[in-house]
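Read-outs throughout are calculated quantities, based only on the coordinates presented, and are distinct from any laboratory measurement. Here the structure is a predicted model, which is why all the values come from computation and not from measurement. Glycine gets a Cβ as well: all are built from the backbone with ideal geometry, and neighbour counts include every protein chain shown.
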Amino acid sequence: MNHEKNETNARNKTELDKNSQIKIFATNKGLNVIDSPIKAKILSILKDEGLSASKIVSLTGKSKSTISAHLKDLIDAGIVDTKSDPSDGRRKIFYIKSRYLGDLSRVTSFEKEMDNYITTQVTNSDDPFKFFRFIFRTIRVALMEEGVNIDPILYSAGKKVGETFYKKLEDPDINKLTQNLASFWEKNKLGRVEVENLNPITIRAYDCFECEDLPKTGKPACAFDSGILGAIFSAHFGEEMDVEEVKCYAMGDEFCRFVISPE
């Protein structure tokens, strides 16, 4: 009985967390903040692909009139747009046309993490790399403490870094490329990386500058690293590559692991 009650509570907490997300998008009209749980759910459903209104109604469990009203608001806000369904020209497909920047949460569990984090760090080091790593982590934890998730921005920034440095790392031989990547990682004090597998490409990272000292959130936190890896391997293979972080210090693991495969 207690086991079933715990499972129910866990499901309710997950649903609460989802509905507590305030999503931030960049549109041609400027920043747009979405704080409606129903709109947030619609945008989550549309994140990976375009869908018809009837499919959105089915997945949300809301009435057709409710979904229509929210979709109209999202279109007026410049976040969502429509296109003709290639299989049925009479039907519209709704899709996200704006850039997702991150989200805010009404629920945060990091109230004292900032004080604890700063207290336990070495701030009087003469190593400039260590100092700037400390600044980066402190800013990130401060944002987390306020319920701000900037992972999409970090991923985008990481992609720009990866695209910029790819020319210095590129090699037609995948083994040589990964060796260059490991040298780049260590030289710039991002940590230490090892290649576990080449099919699919699996990379293990130790002493991760991005997440090693972050609070344990139970979720992967290396969006910047993922962006770098995604850009480098996308350029190498000439197609978009997806980066999935399956292990992370922020998840309580002893290293970070990235699996890279065609998107």
Inset, instruction - Using the Cα centre as the reference, give the magnitude of the dipole from point charges on the C-beta atoms of region 139-181 (Lys, Arg: +1; Asp, Glu: -1; all else neutral), rounded to the nearest 20 debye. - result: 180 debye
Legend entry - Linear extension gain, LYS176 paired with ILE45, 0.36 nm per residue minus alpha-carbon span: 43.2 nm
Inset, instruction - Among GLU170, GLU239, GLU212, rank each residue by its count of other Cβ atoms within 10 Å, from fewest to most, as a rough exposure measure. - result: GLU239, GLU170, GLU212
Inset, instruction - Just rank ASP242, ASP151, fewest to most, by other beta-carbon atoms within 10 angstrom. - result: ASP242, ASP151
Inset, instruction - Name the lysines eligible as straight-distance cross-link partners of LYS159: C-alpha to C-alpha under 22 Å, and not fewer than 8 places from it in the same chain. - result: LYS23, LYS47, LYS97, LYS167, LYS168, LYS176, LYS187, LYS189, LYS219, LYS247
Legend entry - Two-site label geometry, ASP76 and ASP88: point separation in nm, points 7 Å out along Cα→Cβ: 2.7 nm
Inset, instruction - Rank PRO172, ALA157, VAL259 by how far each Cα sits towards the positive end of the charge dipole of region 150-262 (+1 on Lys, Arg Cβ; -1 on Asp, Glu Cβ) and give me just the farthest. - result: ALA157
Legend entry - Net +/- balance of residues flanking ARG204 in space, Cβ distance below 13 Å, scoring K and R +1, D and E -1: -4
Inset, instruction - Multiply the residue separation of LYS189 and SER156 by 0.36 nm, subtract the distance between their alpha-carbon atoms, and state the gained length in nm to one decimal. - result: 9.8 nm
